[in-house]
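Visitor: Supplied in C-alpha cells, the structure appears directly below.
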Amino acid sequence: MKRALAALAAWVLLVSASSPPEVDDTLIMGDTLPSSLKAFNLLSGPFGRIPNAGVTPYSLNTPLFSDYAEKFRFLYLPKGKKIEWRDDDALDFPVGSVLVKSFGYPADMRKPDDQLRILETRLLVRREAGWVALPYVWNTDGTDAILKRAGMRVDVNWTHLDGKPRTISYAVPNVNQCKGCHDNGANGLGLIGPKARNINRDGQLQALYAGGKLDRLPADLPRLPVWNDPSTGSLESRARAYLDVNCAHCHNRSGPANTSGLWLDWEQQPGPNLGVGKRPTAAGRGSGDGEFAIEPGHPDRSIMIYRMQSLDPGIAMPELGRATVHQEGVALLNQWIAAMPMDAVRLK
Amino acid sequence: MKPIPFLIAASLLAIANPAFADTLRVEAGTDAQSRLQAALIDAKPGDTIEIGVGRFELTDGLSLDVDRVTVRGAGPGATILSFKAQKGAGEGLLVTADDVVLRGFAVEDSRGDGIKSKAANRIVYHDLRVEWTGGPKASNGAYGIYPVESTDVLIDKVTVRGASDAGIYVGQSKNIVVRNSIAMFNVAGIEIENCYGADVYQNVAMHNTGGILVFDLPDLPQKGGHTVRIFSNRTEKNDTPNFAPKGNIVAGVPNGTGVIIMANRNVEVFNNVIGENGSTNIFIVGYRNSFTDSGYNPLPSNISIRDNMHGRAGFAPGPQFEGGAEMVAAMGSVPPIVWDGTGANIRVTDKVPTLSLGLSDPKDRATSANPKIVDLGASPEPAALQAIVLPSSMEAAIR
C-alpha cells in the first residue's frame with residue numbers, strides 16, 4: 001500500500017509538471033467510439049481513480065446493486081452549461097455531458113478501501129443525438145481501459161463481509177444490455193441514477209446549484225430514503241426506494257418490462273400493478289410455485305422474492321448484473337412483504 | 001415534370017440498392033459469444049448477418065437492436081446456437097428493432113425464453129427451431145418464440161419443442177400470422193395472448209399439454225384480446241402432462257386439450273383436425289381468477305366453431321379439469337367441445353356434442369358446475385373476420 005501511494009505521489013508530481021489534463025470536449029461531442037478511455041481525459045491515475053478538473057464525484061441515496069461491486073460515480077459538464085432540474089425523472093444533462101461509473105472489488109469487503117481492483121468504467125456520453133453507452137475494461141496494470149462494446153466476463157474473487165471467500169463470473173455489459181436498463185422508452189438511452197431525489201444527499205444538489213451547474217433549486221427538495229438506513233425512512237418507503245432503483249428501470253409503464261404489467265417505480269400507486277396480488281404474465285418458470293408477485297404476509301410465497309434469490313438466468317431478477325444474490329436487499333423486501341396486512345388484497 | 005437531379009437520383013438508388021448493404025459472416029469456433037454479439041452490434045440497417053454451419057457454444061444471451069437486419073443461418077439443422085452454458089440474460093436471443101428477419105438457425109437449451117422480440121414491428125421468424133433437448137421439463141425455459149408488443153408479426157415454418165410455458169407465444173401484439181409451424185412437447189403449443197388480430201393456420205400442435213390457446217389476462221398494457229382465426233391446423237394427441245410452474249396461467253391447462261379460448265371476443269375455429277386429446281378437443285371459458293382491473297372483460301363472446309374434424313376426445317381428463325372423472329363415469333368420456341357457460345354469442349355447428357358447465361361466473365368452475373349437453377347451433381353467426389394481411393415486405397423477405 002505504501003509503495004502504491006509513493007508511486008501515485010510520483011505520478012501526480014509528474015503530471016503537475018506538465019499542463020493540467022483537460023477533458024476532451026471534441027471527442028465527447030464527436031461521433032466516434034474511442035477505443036481507449038484515456039483519450040477522453042476524464043480520469044487520471046492508476047485505474048482512473050482521480051477525476052480531472054471539472055469531473056465531479058457524486059453518490060446516491062439508494063444505489064443499484066451490482067454484485068457487491070464498489071462503485072465510483074462522476075459527472076462532467078461542458079463549461080458554462082447547466083443541468084436542468086426535473087422533479088421526478090432523471091435530471092436533464094446538457095449535450096456534452098458525461099456520466100462516469102467505475103466498478104471494482106476490494107480483496108476483502110470488510111476493508112473496502114484496501115487493495116481495490118477496478119474492473120471497468122462505463123461512460124454515458126450525451127451527444128446531439130442522445131446518450132451513448134460506452135463500456136471500458138481496464139488492463140491489468142491500470143494504465144488504460146479498452147472499449148468492449150460486445151461485453152465480456154471476468155472472474156472475480158473477494159472475501160465477503162462474513163469473512164467467507166466469494167467467486168463470481170462478473171459480466172461487463174454489452175452496449176445492447178446497457179440499453180436494456182437505460183431504455184428511455186423512446187428507442188433511446190436515458191439516465192437512471194441521477195434523479196433529484198436520489199442525488200439529494202450530502203449537499204450535492206446545493207453544491208451543483210452554487211457552482212452554477214444546476215439551473216434551479218426548488219425550496220422543497222425530494223429525497224429518496226437510503227434503503228439500508230432506517231433513520232431515513234419507514235420500512236415501506238425504503239423497500240419502495242429499493243424497488244425504484246433496482247427494478248423500475250425495466251419495470252415501469254414504458255420500460256423493457258412494461259408488458260409484464262408489474263410496475264415498481266416510486267410513483268406507482270398501490271394495486272396489482274405494484275405486484276400485490278398480481279399474477280404472473282410471462283414469468284414462465286420464474287414464478288416458481290408462487291401465484292403472486294407479492295403475497296402479503298408471505299414473502300416465502302412471493303414470486304418477487306423467489307426471483308431475487310435465484311441465480312438461474314431463466315429465473316433471476318434483475319436479469320443483468322446479478323451473478324450473486326443481494327442478501328441484504330432480499331432481507332429488506334422480505335421484511336416489507338411479511339409486514340403487509342394479509343387482507344391487503346382479495347386474492348382468491 | 002422536372003427532371004430529377006442526378007445526385008438525388010443516385011442517392012435514391014443507394015437506398016433501394018442492396019449492393020450497399022453489407023454481409024457480416026460469423027463462423028463457429030472459439031469466442032463465438034463475443035464475435036456473434038459484436039456482429040449484432042456492428043450491423044448497420046439493411047445488413048445481413050450470416051451465421052455459419054456448426055454449433056455455437058454461447059455463455060450469455062445475444063441481442064439485436066438495429067433495424068432492417070437479417071440474421072440468417074445455414075438451416076435449423078446446420079446452424080445451432082447452444083445456450084447450455086448460459087450464465088446470464090432472460091433469453092437466448094433478444095430483438096428490439098423493427099423490420100428484422102430471423103431465418104435458418106436453431107436456438108437450443110436457453111435458460112429462459114428462446115427468442116424474444118419486444119416492440120419489434122414487422123418481425124419475421126422463418127425456418128427456425130427452438131428446442132430444449134432434454135425433452136419436456138419444468139427446468140426448461142418458458143417460451144420458444146416470443147414476440148411481444150409488436151405490430152405485424154410473421155411466424156412461418158418454425159419448430160418449437162419442450163417449452164415449459166408456450167412453444168410459440170405471441171403477446172400484446174397486433175396483426176399476426178402464425179403458420180406452417182410445429183409445436184410439440186410444450187405445455188402450450190401455440191398461444192395468442194392479449195392480441196388484436198391473428199391468423200393461426202396450417203400448424204401442427206401435437207404432444208403438448210394444450211395445443212392452441214387464445215387467452216386474455218387482466219392488468220396488462222394491452223388487453224381485450226379479439227379477432228383471432230384458428231383454421232386448417234392439426235391439434236392432436238396433446239398428451240404431455242402439464243409441467244408448468246403453478247402460478248402461471250398455463251398451469252391450469254388440462255392435460256390433453258386441443259384448443260382453448262379464454263376471455264376473447266371474435267374468435268373463429270374452423271377446418272381444423274382435432275383429436276386424441278384426453279380432456280377435450282375445444283374448451284371455451286371465461287377467466288376464472290379474481291381481478292380488480294375495471295377495464296378487463298373476463299368473458300368470451302362472438303365465438304364461431306365450425307367445420308372441424310373431430311377425433312376421439314375426453315377419454316382421460318387431466319386433474320386440472322374439475323369434474324372430469326365424474327363426467328367419464330357418467331358419460332363414458334368428456335364431450336369433444338366444452339363451454340363453461342359464460343359469455344355471449346357462442347356458436348358451435350361442429351357435428352359433435354357440446355357440453356355446457358352451466359356457469360354464470362367463470363370463478364365457480366370448481367363448485368357450481370351444472371353440466372349438460374347443449375346445442376349452440378342456433379346462436380347467430382358472428383360477422384365473418386377478415387384475413388390478416390401483412391406488409392408485402394414481410395412476405396417478400398421469405399420468398
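Coordinate-derived values only; no laboratory data. Bear in mind that the values here come from a model prediction, so they are computed numbers and not experimental data. Note that each Cβ is placed from the backbone with ideal geometry, even for glycine, and that neighbours are counted across all protein chains shown.
Visitor: 5 Å is the cut-off here: which amide hydrogens, built 1.01 Å from N in the peptide plane, fall below it relative to residue A:138, excluding neighbours closer than 5 in sequence?
Guide: Residues meeting the criterion, in which the H sits 1.01 Å from N, are A:120, A:121, A:146.
Visitor: Let me ask another. State the antiparallel share, in %, of DSSP beta bridges confined to the protein assembly as shown, rounding to the nearest 5.
Guide: Working: 47 of 166 bridges.
Around 30 percent antiparallel, to the nearest 5.
Visitor: Still on this structure, please answer the following. Return the loop-located trypsin sites (Lys or Arg not before Pro) in segment B:251-358 (DSSP other than H, G, I, E, B) with at most 15 other Cβ atoms within 10 Å of their own Cβ; answer none if there are none.
Guide: Working: sites: B:265, B:288, B:306, B:312, B:347, B:351; in loops: B:288, B:312, B:351.
For trypsin sites (Lys or Arg not before Pro) across segment B:251-358 that sit outside H, G, I, E and B with at most 15 neighbouring Cβ atoms in 10 Å, the list reads B:312, B:351.
Visitor: Okay, which of segment A:65-94 sit inside 16 Å, backbone N to the point 7 Å along the Cα-Cβ direction of residue A:207?
Guide: A:72-77
Visitor: Residue by residue through segment A:205-217, what is 3J(HN,Hα) from phi via Karplus (6.51 cos²θ - 1.76 cosθ + 1.60, θ = phi - 60°)? Round to whole Hz and write x for glycine and proline.
Guide: 5, 4, 5, 4, 5, 4, x, x, 9, 10, 6, 7, 9
Visitor: Here's something else I'd like to know. Given Cβ point charges of +1 (Lys, Arg) and -1 (Asp, Glu) and nothing else, what value in debye, to the nearest 20, does the dipole of chain A about its Cα centre take?
Guide: Magnitude of the dipole: close to 260 debye.
Visitor: Across peptide B:82-90, what mean number of C-beta atoms from other chains lies inside 10 Å of a residue's C-beta? If you can, show how the numbers build up before the last one.
Guide: On the way: counts 0, 2, 0, 0, 3, 7, 14, 9, 13.
That works out to 5 on average.
Visitor: Mind telling me which of B:177, B:107, B:389 comes out most flexible in a GNM of chain B, alpha-carbon contacts under 10 Å?
Guide: Of B:177, B:107, B:389, the Gaussian network model singles out B:389 as fluctuating most.
Visitor: At most 13 other Cβ atoms within 10 Å plus a DSSP loop assignment makes a site exposed; report the longest stretch of chain A without any exposed GluC sites (Glu not before Pro).
Guide: Counting only loop sites that pass the neighbour cut-off, the longest clear stretch is A:129-266.
Visitor: Could you work out the relative contact order of chain B? I mean the mean sequence separation of Cα pairs under 8 Å and 6+ apart, divided by the number of residues, in percent. Numbers along the way, then the final one.
Guide: Values: 1285 pairs, mean separation 33.8, N = 399.
That works out to 8 percent.
Visitor: Another one. Give me the percent relative contact order of segment B:269-399, please, defined on Cα pairs under 8 angstrom at least 6 residues apart.
Guide: Working: 249 pairs, mean separation 33.3, N = 131.
With pairs under 8 Å counted, the relative contact order is 25 percent.
Visitor: Using a cut-off of 12 Å between alpha-carbon atoms, which aspartates and glutamates can reach residue B:137, once sequence neighbours fewer than 8 places away in the same chain are excluded?
Guide: Result set, ordered by chain and number: B:109, B:165.
Visitor: Continuing with the same structure: Taking amide H positions as placed in the peptide plane 1.01 Å from N, state which residues far from residue B:191 in sequence (5 or more) or on other chains have amide H under 5 Å from it.
Guide: For residue B:191, whose amide H was placed from the backbone, the distant partners under 5 Å are B:168, B:169, B:170, B:213.
Visitor: Residue B:322 to residue A:311: FRET efficiency via 1/(1 + (r/R0)^6), r the Cβ-Cβ distance, R0 45 Å, to the nearest 0.05? It would help to have the intermediate numbers written out before the result.
Guide: Details: r = 37 Å, r/R0 = 0.83.
That pair, residue B:322 with residue A:311, gives E of 0.75.
Visitor: If you don't mind, another one. So which aspartates and glutamates pass the test for residue B:174, namely a Cα distance under 13 Å, with those fewer than 8 places away in the same chain ruled out?
Guide: By straight Cα distance, residue B:174 reaches B:149, B:152, B:193, B:199.
Visitor: Taking H as built 1.01 Å from N, whose amide H comes closer than 5 Å to the amide H of residue B:268, not counting residues under 5 places away?
Guide: Under 5 Å from the amide H of residue B:268 lie the amide H atoms of B:228, B:229, B:230, B:304, each far enough along the sequence or on another chain.
Visitor: May I pose another question? From the helices alone, meaning DSSP H stretches of at least four residues, give me the mean residue ellipticity at 222 nm for chain B, per-run term -39500 (n - 2.57), in deg cm²/dmol to the nearest 500.
Guide: Details: 4 runs with 36 residues, N = 399.
Computed mean residue ellipticity for chain B: -2500 deg cm²/dmol.
Visitor: Among the aspartates and glutamates, which fall within straight-line cross-link reach of residue A:213, defined as a Cα-Cα distance under 15 Å, with same-chain neighbours fewer than 8 residues apart omitted?
Guide: A:84, A:92
Visitor: Apply the a/c threshold of 1.5 to the C-alpha gyration tensor of the protein assembly as shown and tell me whether it is rounded, prolate or oblate. Could you put the intermediate results ahead of the total?
Guide: On the way: a/c = 2.12, a/b = 1.63, b/c = 1.30.
Taking the square roots of the gyration eigenvalues as a ≥ b ≥ c, the protein assembly as shown is prolate.
Visitor: Considering the options A:277, A:167, A:190, tell which one lies farthest towards the positive end of the dipole of chain A, charges being +1 on Lys and Arg and -1 on Asp and Glu at the Cβ, about the Cα centre.
Guide: A:167
Visitor: Given just the C-alpha atoms of segment B:104-192, how large is their convex hull per residue in cubic angstrom?
Guide: Details: hull volume 6.2 nm³, N = 89.
Per residue, the Cα convex hull of segment B:104-192 comes to 70 Å³.
Visitor: Under 8 Å for C-alpha pairs, at least 6 residues apart: give me the relative contact order for chain A, rounded to a whole percent. Walk me through the intermediate numbers first.
Guide: On the way: 682 pairs, mean separation 45.0, N = 348.
Result for chain A is 13 percent.
Visitor: Rounded to the nearest 500, what is chain A's calculated 222 nm mean residue ellipticity when only DSSP H runs of at least 4 contribute -39500 (n - 2.57) each, over all residues?
Guide: On the way: 8 runs with 69 residues, N = 348.
Result for chain A: -5500 deg cm²/dmol, rounded to the nearest 500.
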